[in-house]
Structure formats: structure tokens, C-alpha cells
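**Student:** Input: one structure, supplied below.
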């Protein structure tokens, strides 16, 4: 049987103020947020430094390759160094781009582009997860209208749903994430992210969007889906979740204007 959280219309953000205050305006809550901000700032600084050093590694490895004849086993090793260093540099570049501060602007965005940019960002994360590999299926309706949303905020929301889907399948042998985009009505577009994990426990379904609620233990901070919901509702949309024993599906509906 499928369990679901359904919303008929975008709720009033003010109706959740007591919930937000209770979770955030506590000494421990504020300390937790402060730690997360500090970690994020340090990670970005560290990434910038590593990228600079990788550029040097790639350059020296390339010079070493050119100095050796084709077929030399050392050249093969250097080619591996170059290839993997370029991959790491791409991962760091995506993270720095993702974390860059931007002016908040609402745009009319192409749904397919939002999905592919989010998948580009999470691609390295998926590749580094243990086997079996995650298969990603994308189904975007042809001619789907643009949505009215801040581009990077929506990409961040999709990245969060995609990484959550991957984490949910950590103990399963069959790993498939399906991303679909379709026209819901004349003025709404529906995004769906589904996984083939074990689903969400019945007692947790109603809490997944609550601040600081997480089932990931030390690996989670419990703010991801809470921020995603706020982002979607700020743009006049809704987010719901359906879950069953064969996985969970998060559905976002966004207006086209």
C-alpha cells in the first residue's frame, strides 16, 4: 500500500513559524547551524587550494607523458594520474560553482536544463559510491514549459533529492533513480525523483520535512528536505512524498508564471 503526504495548495509559510522557532531558536540548534556554516566555508577554501595544486599535478604529469614513448608502462601510469586528476578538478569546480554566492533572481527556467545541471553536480558523488553502480533514468516531456523559479535554488533542491535517493539505496542491490518532468496542468510542471530503496518507515513519513530530522545518523544534518520545502513553497509550488516498500517518490509542482 502506498503512503503519501498530499497538499492541495501551497501552504502559508507563516503557519510553520512555531515549528521553525522551536527547532532553530534553541542554543543547541544555533550551535549546530554555526558548525554547518563553518564546515561549508572551510570546505570551499580547502577545495580552492586543492584545485590549484591539482593544476600543477596535471601539468607535470602531462609533461612526463610527452617525454616517454607510446607503450611505455610509466606513461600509462602518468595518463591515469592525469585522467583522475582532471576528474577530481571537475568535481571541485562543480562544488565551488554550487557554493558560490549569487543574487537572488526569479527566472523562467527550462526544466530539462535544471535536471541535467543537477545530475552533472551529483555525478561524481554517484561514481564514488560503492558498487553496484546507480542507474539514472531521465524522462522529460517534450515541449514542457519553463518554470518560474530561481535557477540555482531549484538545482540545489534537485541535488538534495538526488543525493537522498542515492543514500536511501545504500543497502540495496538494485539501484535505480528515475527523474521525470511532465506538464501537470496548463500552469504547473511536475518534477518527480524516485528511488528503489526500502522506502520511508511509516512513523517517519510525516517528519521528513521537519528541521533537524534525519535517519542518516552522523552523516545527516536534518536540514536538507526542510530547506527544499521552503524553497519550493517560496516559489508558489508544493512538494509531496509517496513511499512504499520498493522505494520513495518526491514530487514537486512548480508554476510556469
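**Student:** Can you work out which of the residues in the stretch 205-232 that are at pLDDT below 70 and part of a helix (DSSP H, G or I) is surrounded by the most Cβ atoms within 10 Å (Cβ to Cβ)?
**Tutor:** 219
**Student:** Then there's this: For the stretch 149-172, name all the residues that are buried (at least 18 other Cβ atoms within 10 Å of the Cβ) and not in a helix (DSSP H, G or I).
**Tutor:** The answer is 149, 150, 169.
**Student:** Quick check on my filter: what residues within the stretch 136-157 are under 16 Å from the mean Cα position of the chain (by Cα) and under 13 Å from residue 178 (Cβ atoms)?
**Tutor:** Listed by number, the residues that qualify are 136, 137, 138.
**Student:** Please find, within the stretch 173-189, the residue that is farthest from the chain's Cα centre (by Cα) out of those that are surrounded by fewer than 21 Cβ atoms within 10 Å (Cβ to Cβ) and over 18 Å from residue 119 (Cα atoms).
**Tutor:** Applying the filter and picking the extreme gives 186.
**Student:** Here is a follow-up. What about residue 192, is it crowded, with 17+ Cβ neighbours inside 10 Å and over 17 Å from the mean Cα position of the chain (by Cα)?
**Tutor:** no
**Student:** Within the stretch 236-246, restricting attention to residues that are surrounded by fewer than 19 Cβ atoms within 10 Å (Cβ to Cβ) and outside any strand (DSSP E or B), which residue is modelled with the lowest pLDDT?
**Tutor:** Per the criteria, the residue is 245.
The values are calculated or read from the model by the stated rules, or taken from the named source; none is laboratory data. What you see is a predicted model; the values in this text were computed from it and never measured. In this analysis, Cβ positions are derived from the backbone assuming ideal geometry, glycine residues included, and neighbour counts consider all displayed protein chains.
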